[in-house]
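Q: Before we start, here is the structure in question, set down as C-alpha cells.
Read-outs: derived from the displayed coordinates by stated rules, not from any lab. For clarity, every value in this text was computed on a predicted model and none was experimentally measured. Ideal geometry is used to build each Cβ from the backbone, glycine not excepted, and the neighbour counts take in all protein chains shown.
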Amino acid sequence: MFSIAGALSKASAMEFCSAVGSLGEMIKDLVIDCEKVTFVDSEGLRQLVIAQKLMQKRGSFSLIRVPAVLSEALFRTGLSQKIRVLS
C-alpha cells in the first residue's frame with residue numbers, strides 16, 4: 001500500500017510520479033490510501049491516470065479511503081468510471 005497526503009497537484013506531480021515509478025516491476029497490485037488528500041487539480045488527476053495505466057499493464061490499481069474532494073473530482077471528470085475506488 002502507498003499513501004498520499006496533502007495536495008495532489010502540479011506542485012507534487014513529480015514527487016508522486018517518482019514514487020510510483022520507484023516501485024519497480026515487481027509490484028503487481030498498487031493500492032493508494034488517499035485519506036489525507038486535501039486538494040486535487042487536473043495535474044494530480046493526470047498523475048493518477050498515468051499510474052493507473054502503468055499498473056494496468058502489471059496487475060491492478062485501486063484507491064482507498066478517498067475523501068470528498070478527490071471523489072468529487074473523479075466523478076466530475078468521469079474518472080470514477082475508469083479508476084477503481086474501494087470503500
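Q: Using only DSSP helix segments of four residues or longer, with each worth -39500 (n - 2.57), what per-residue ellipticity at 222 nm results for the chain after dividing by its residue count and rounding to 500?
A: Numbers: 3 runs with 36 residues, N = 87.
Calculated at 222 nm, the ellipticity per residue is -13000 deg cm²/dmol.
Q: Another question, if that's okay. May I ask you to list the GluC sites (Glu not before Pro) in the stretch 12-87 that are in a DSSP loop and have at most 11 other Cβ atoms within 10 Å of their Cβ?
A: Numbers: sites: Glu15, Glu25, Glu35, Glu43, Glu72; in loops: Glu25.
Listed in order of number, the matching sites are Glu25.
Q: Now a separate question. What do you get for the angle between helix 42-58 and the principal long axis of the chain? Use alpha-carbon atoms, 0 to 90 degrees, nearest ten.
A: Compared with the principal axis, the helix lies near 30 degrees.
Q: Among Gln56, Gly44, Phe16, whose Cα lies farthest out toward the positive end of the dipole of the chain, if unit charges sit on the beta carbon of Lys, Arg (+1) and Asp, Glu (-1)?
A: Gln56
Q: Pull up all non-local amide H partners of Val85: gap of 5 or more, or a different chain, and H-to-H distance under 5 Å with H placed in the peptide plane.
A: Placed amide hydrogens put Leu63 under 5 Å from Val85.
Q: Moving on. For Leu8, which sequence-distant residues (separation of 5 or more, or a different chain) have an amide H within less than 5 Å of its own amide H, given hydrogens modelled in the peptide plane?
A: Excluding prolines and chain starts, which carry no amide H, the hits are Thr38, Phe39, Val40, Asp41.
Q: Quick check: the angle from helix 68-77's long axis to the longest principal axis of the chain, C-alpha only, nearest 10 degrees?
A: 80 degrees
Q: How high is the relative contact order of the chain? Use alpha-carbon pairs under 8 Å, at least six apart in sequence, and give a whole percent. Numbers along the way, then the final one.
A: Details: 133 pairs, mean separation 28.5, N = 87.
33 percent.
Q: Go through (i) 13.9; (ii) 15.2; (iii) 12.7 and flag the label whose value is the computed Kirkwood radius over Cα pairs in Å for this structure.
A: The value matching this structure is (iii).
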